[in-house]
Amino acid sequence: MTLRPFHLAFPVHDLAAARAFYGGVLGCREGRSSARWIDFDLGGHQIVAHLDETMQPHETSNAVDGHDVPVPHFGVVLTMADWHVLAERVEAAGIAFGIAPYVRFAGEPGEQATMFFRDPSGNALEFKAFADDAMLFATGAEEIAA
């Protein structure tokens with residue numbers, strides 16, 4: 001089965017700031033746009049920033065691995081090399097990490113590097129990379145069965 005791209009529409013309070021962040025900082029190619037929305041290519045997936053001048057950031061979180069993980073959030077699973085490049089780009093752009101880059105589940109099924117930060121409208125993003133991409137949905141049962 002070939003992985004198909006997903007589509008995600010999300011609110012932003014300022015399209016120019018969204019364009020600078022998603023296009024400039026994250027390096028997303030821009031697709032179609034209007035005065036009220038912009039399509040971006042996020043790792044081959046179509047994300048659409050829709051203008052909502054009244055938008056307020058959502059600050060809910062869940063405790064995960066000793067961190068307050070923002071919910072909702074979205075992002076892409078990158079290669080480890082691309083993850084390190086993005087972490088450096090985000091830091092160089094002066095964007096504050098909500099959860100700084102680190103490795104979770106070290107030595108366990110699903111070991112992954114992860115980082116969280118917010119766009120200018122307060123939308124939370126997570127980018128991660130797995131030590132072994134085959135462990136994307138690992139539960140630990142794989143080791144028991146082996």
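The values are calculated or read from the model by the stated rules, or taken from the named source; none is laboratory data. Only a predicted model underlies this, so the values are computations on that prediction, with no experimental measurement involved. Because the Cβ atoms are built from the backbone with ideal geometry, glycine has one as well, and the counts that use them run over all protein chains shown. With ligands, DNA and RNA removed, areas are computed over all heavy atoms of the protein, side chains included. Shrake-Rupley method; radii C 1.70, N 1.55, O 1.52, S 1.80 Å.
Given the whole protein assembly as supplied and a 1.4 Å probe, what does the accessible area of residue 118 come to in Å², nearest 10?
70
Residue by residue through the range 125-131, which ³J(HN,Hα) values in whole Hz follow from phi under the Karplus form 6.51 cos²θ - 1.76 cosθ + 1.60 (θ = phi - 60°), with glycine and proline marked x?
Going residue by residue, I get 10, 10, 10, 9, 8, 9, 4 Hz, with x marking Gly and Pro.
Quickly work out the residue 65-to-residue 80 label distance, labels modelled 7 Å from Cα along the C-beta direction, and quote it in nm with one decimal.
The modelled label-to-label distance comes out at 1.4 nm.
In degrees, nearest 10, range 0 to 90: what is the angle between the Cα axis of helix 80-92 and the longest Cα principal axis of the chain?
Tilt relative to the chain: about 40 degrees.
Calculated FRET efficiency, residue 4 and residue 30, Cβ-Cβ r, R0 22 Å, to nearest 0.05?
Numbers: r = 21 Å, r/R0 = 0.97.
That gives a FRET efficiency of 0.55.
What ranking, highest mean first, results for peptides 108-114, 3-9 when packing means the other Cβ atoms within 10 Å averaged over each residue?
Values: 108-114: 17.7, 3-9: 10.0.
Packing order, densest peptide first, comes out as 108-114, 3-9.
Under 8 Å for C-alpha pairs, at least 6 residues apart: give me the relative contact order for the chain, rounded to a whole percent. Mind dumping the intermediate values first?
On the way: 254 pairs, mean separation 30.6, N = 146.
Taking the mean separation of contacting Cα pairs over the length of the chain, I get 21 percent.
Fully extended, how many nm does the chain gain between residue 54 and residue 134 (0.36 nm per residue separation, minus their Cα-Cα distance)?
Numbers: separation 80, 0.36 × 80 = 28.80 nm, distance 4.15 nm.
Taking residue 54 through residue 134 to full extension adds about 24.7 nm, to one decimal.
Send over a whole-number figure in Å² for the accessible area per residue of the chain, probe 1.4 Å. Don't skip to the end; give the middle numbers.
Numbers: 8420 Å² over 146 residues.
I get 58 Å² per residue for this part.
Could you look at the range 71-146 and say what percent of its accessible area is carbon and sulfur, using a 1.4 Å probe and all protein chains?
Details: 2400 of 4070 Å².
Taking all protein chains in place, the range 71-146 shows 59 percent carbon and sulfur surface.
Here are several values of mean projected area of the Cα convex hull in nm²: (1) 9.9; (2) 18.3; (3) 11.8. Which one was derived from the coordinates shown?
(1)
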